[in-house]
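Trainee: Mind having a look at this structure? Questions to follow.
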Amino acid sequence: MSDTDAGPDASAASDGAEGWFEALPSGATEDTDTESDAAPRAAARVREGTAASPADWAVRAVESGFAAGADEYYDRLKAAATRATREAVRERERADDAQLIHAVRAMDDAERTANELAERAVEWAGSLFDEVEPGIEGARAVAAREPESEVERRAVSLAARAAELDDERAELAETIGRTAPAVAPNLSEMAGPELAARLIALAGGLESLAKKPSGTVQVLGAEDALFAHLSGRAPSPKHGIIYTHEYVRGTRPADRGSAARALAGKLTLAARADHYAGERRSQLHADLRERMATIRARADTDEPDAAEAGDE
Amino acid sequence: MSEPTLPDGVERREIAGEERLATRGEPVYGEPTADGWRAWDPERSKLGGMLELGLETGLTGGETVLYLGAASGTTVSHVADFAGPTYAVEFAPRPARDLLDAAAPRDRLFPLLKDARKPETYAHVVERDVDAVVQDVATRGQAEVAARNARFLADDGRLLLAIKARSEDVTAAPEAVFEGALDRLREAYEIVETRRLDRFHEDHLGVVATPK
């Protein structure tokens, strides 16, 4: 979604000869009729234009008669940039958590399917060629081969599909890496874009994540274990998908429950800040770092009864 | 260390009983003010931290600036108070909404909702030979972003960069992350000075560099 601004004009990116103001009416010759039309056009140029390299735009604009002097140029740039940004913000805010959920689910599907397909392809290729390595990397190696028969062609082609699917997974991960911070800046900073996207997907949206109690966020993704616990068959799960976070996984097992609880608490606050305020809250991140340092310090002092003491 | 050089338009002023860095302009984020001067909190601003710690930023006041990662406009509003034309690039729409408010009373602060990783999407707007590129983006590949934006900088211009270790790799030691980033940076820049900003910003490295 973030590519829409650049997308249509990527092919038009010439040698950088075109400033945003070119082909727009100049300030001096404009009558009031065309002016009403000029502002949206200027904003559209700012949003959609591209150039390979910058130039001395203020000088060029004055030379071309777009503006009488540098001051007028900057005044018009100010108006165009402000309008362009206001429009783009409005549009992008609609580009939303729903897209992020699609992207993260598609990434998981692509990964699973790529692995399955790669496994099939290398198994097949192993019966045709020598020295076939397992997995995606093996499939990539097979895809690079020159097939010499009908059957080899099919096996090599299948391996190529698996490799392409893995490329798609990587592209999706990159998209998530760029869009998650736009959708949920605090959550993405705290959890990383991928985990942030997964939490939003598991909750069904940023708003519903923001409305969940932290105890629920702590076990999101561990629903099987949770229901096993509720029906009396298992202990309560200490963590769900947040296990993938370094703060949980990198904490010694005795303190992981505390770490997961602390992380889930701050993730919940981060999701709320993102949904309700949308601005970065540095205190939140500092608080979590401090709390994690305290929890991890227990491993050093290692008092036997410290594991659950002092928790909120 | 001797008293660092502050750009014209940035002063240490007595505000709310404390001597603090300050610029003159409309308040943006509820910061304390006195006599038209607004306190510049080094704990909320990497560039403010760099100035407070005495890095030689080369800023003198009145320069043309490209600011990457403007977020809500906290720092860039101070920059626009003492600099000349200031281009503020921010990728995320929500903070950009606040950036618009911060930019409104500043007639040479140009807000741009663009991805700093794609300079070609704003090279038709941002002029060349800017005096300073200030970068504070919380994304992986911060050195790469700086390298790609070297095209805007004048030969004697300065890159003022805050590298955030946790954006590159939450698990690696910050020192290792910084070394890797500086290696990438050296392909496009000459490093003038580096300083840890930990007093104000944990696990951040302040970098002053000039184009190769």
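Trainee: Return the residues of the range B:84-100 that are out of contact with any Pro (no Cβ under 8 Å at 6 or more places or on another chain) and modelled with pLDDT of 95 or more; say none if nothing qualifies.
Mentor: Those that are out of contact with any Pro (no Cβ under 8 Å at 6 or more places or on another chain) and modelled with pLDDT of 95 or more: B:Gly84, B:Pro85, B:Thr86, B:Tyr87, B:Val89.
Trainee: Which condition number does A:Val62 fail, the rest of (1) at pLDDT below 80; (2) more than 8 Å from chain B (Cβ to nearest Cβ) being met?
Mentor: Here A:Val62 meets the rest and fails (1).
Trainee: Under the condition of being assigned to a helix (DSSP H, G or I) and surrounded by 12 or more Cβ atoms within 10 Å (Cβ to Cβ), which residue from the range A:295-312 is modelled with the lowest pLDDT?
Mentor: Residue satisfying both the conditions and the ranking: A:Ala299.
Trainee: Among B:Glu14, B:Glu43, B:Glu56, B:Glu19, which is in contact with a strand residue (DSSP E or B) (Cβ under 9 Å, 6 or more places away or on another chain) and assigned to a loop (DSSP other than H, G, I, E, B)?
Mentor: Every option except B:Glu56 fails the conditions.
Trainee: Cβ-Cβ under 8 Å, sequence separation 6+ or interchain: first residue in the range A:268-285 and on the phi > 0 side of the Ramachandran plot, partner of a type in the set (Lys, Arg). Which pairs?
Mentor: A:Gly278/B:Arg94; A:Gly278/B:Arg97
Trainee: In addition: Among the residues of the range A:208-226, which ones are farther than 25 Å from A:Tyr276 by Cβ and exposed (fewer than 12 other Cβ atoms within 10 Å of the Cβ)?
Mentor: Within the range A:208-226, A:Asp224 is the sole residue that qualifies.
Trainee: Let me ask something additional. Restrict the check to the range B:157-171 and report whether at least one residue is under 18 Å from B:Pro211 (Cα atoms), crowded, with 24+ Cβ neighbours inside 10 Å, at the interface with chain A (Cβ under 7 Å from one of its Cβ atoms) and out of contact with any His (no Cβ under 6 Å at 6 or more places or on another chain).
Mentor: no
Trainee: Additional query: Just for the range B:115-134: of the residues that are part of a helix (DSSP H, G or I) and of a type outside the set (S, T, N, Q), which one is farthest from the other protein chains (Cβ to nearest Cβ)?
Mentor: B:Pro119
Trainee: Can you say whether B:Glu31 is closer than 28 Å to A:Gln283 by Cα, among the charged types (D, E, K, R) and either outside any loop (DSSP other than H, G, I, E, B) or over 13 Å from the mean Cα position of the chain (by Cα) (or both), as far as the supplied structure shows?
Mentor: Judged against the criteria, B:Glu31 is a match.
Trainee: In addition: Out of the residues in the range A:65-99 that are hydroxyl-bearing (Ser, Thr, Tyr) and either at the interface with another protein chain (Cβ under 8 Å from one of its Cβ atoms) or under 18 Å from the mean Cα position of the chain (by Cα) (or both), state the one that is farthest from A:Glu207 (Cα to Cα).
Mentor: A:Tyr74
Trainee: Continuing with this model, one more query. Given the conditions (1) of a type in the set (Gly, Ala, Ser); (2) facing chain B (nearest Cβ under 10 Å); (3) within 30 Å of A:Ala173 (Cβ to Cβ), and given that A:Gly126 satisfies all but one, which numbered condition is not satisfied?
Mentor: It fails just one condition, (2).
Trainee: Continuing with the same structure: Looking at the range A:268-291 only, could you name the residues that are under 12 Å from A:Leu187 (Cβ atoms), among the charged types (D, E, K, R) and more than 13 Å from chain B (Cβ to nearest Cβ)?
Mentor: Passing the criteria: only A:Arg272.
Trainee: I would also like to ask the following. When only residues in the range B:85-101 that are among the hydrophobic types (A, V, I, L, M, F, W, C) and facing chain A (nearest Cβ under 8 Å) count, which is farthest from A:Leu187 (Cα to Cα)?
Mentor: If we take residues in the range B:85-101 being among the hydrophobic types (A, V, I, L, M, F, W, C) and facing chain A (nearest Cβ under 8 Å), then B:Leu100 is farthest from A:Leu187 (Cα to Cα).
Trainee: Mind checking which residues of the range B:172-210 are without any contact (Cβ under 8 Å) to a residue 40 or more places away in the chain, in contact with a Lys or Arg (Cβ under 7 Å, 6 or more places away or on another chain) and crowded, with 18+ Cβ neighbours inside 10 Å?
Mentor: Correct list: B:Asp203 only.
Trainee: Applying the selection to the range A:100-119, what residues are more than 16 Å from the chain's Cα centre (by Cα) and either within 14 Å of chain B (Cβ to nearest Cβ) or surrounded by fewer than 16 Cβ atoms within 10 Å (Cβ to Cβ) (or both)?
Mentor: Hits for the range A:100-119 are A:Asp109, A:Arg112, A:Glu116.
Trainee: What tally of residues in the range A:183-203 results from selecting those that are within 11 Å of chain B (Cβ to nearest Cβ), surrounded by 24 or more Cβ atoms within 10 Å (Cβ to Cβ) and of a type in the set (Gly, Ala, Ser)?
Mentor: Residues that pass the stated criteria total 3.
Matching residues to (1) assigned to a loop (DSSP other than H, G, I, E, B); (2) within 17 Å of B:Thr121 (Cβ to Cβ); (3) in contact (Cβ under 8 Å) with a residue 12 or more places away in the chain:
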position: A:Ala55; (1), (2), (3): yes, yes, yes
position: A:Val59; (1), (2), (3): no, no, no
position: A:Phe66; (1), (2), (3): yes, no, yes
position: A:Asp71; (1), (2), (3): no, no, no
position: A:Arg76; (1), (2), (3): no, no, yes
position: A:Glu87; (1), (2), (3): no, yes, yes
position: A:Arg90; (1), (2), (3): no, no, no
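Trainee: If A:Glu246 satisfies every condition in (1) within 13 Å of chain B (Cβ to nearest Cβ); (2) closer than 21 Å to A:Leu206 by Cβ; (3) surrounded by fewer than 20 Cβ atoms within 10 Å (Cβ to Cβ); (4) not β-branched (Val, Ile, Thr) but one, which is the exception?
Mentor: Among (1) within 13 Å of chain B (Cβ to nearest Cβ); (2) closer than 21 Å to A:Leu206 by Cβ; (3) surrounded by fewer than 20 Cβ atoms within 10 Å (Cβ to Cβ); (4) not β-branched (Val, Ile, Thr), the lone unmet condition for A:Glu246 is (2).
Trainee: Among the residues of the range A:106-128, which ones are touching a helix residue (DSSP H, G or I) at 6+ places or on another chain (Cβ under 7 Å) and under 11 Å from A:Glu152 (Cα atoms)?
Mentor: Listed by number, the residues that qualify are A:Ala121, A:Trp124, A:Ala125, A:Leu128.
Trainee: While we're looking at this one, here's another question. Does any residue in the range A:176-190 that is more than 22 Å from A:Ala110 (Cα to Cα) come within less than 7 Å, Cβ to Cβ, of a residue that is among the aromatic types (Phe, Trp, Tyr) and part of a loop (DSSP other than H, G, I, E, B) six or more places away or on a different chain, and which pairs are these?
Mentor: So the pair list comes out as A:Ala182/B:Phe91.
The values are calculated or read from the model by the stated rules, or taken from the named source; none is laboratory data. The structure presented is a predicted model; accordingly, all values stated were derived computationally and were not measured. Positions of Cβ are backbone-derived with ideal geometry, glycine not excepted, and every protein chain shown enters the neighbour counts.
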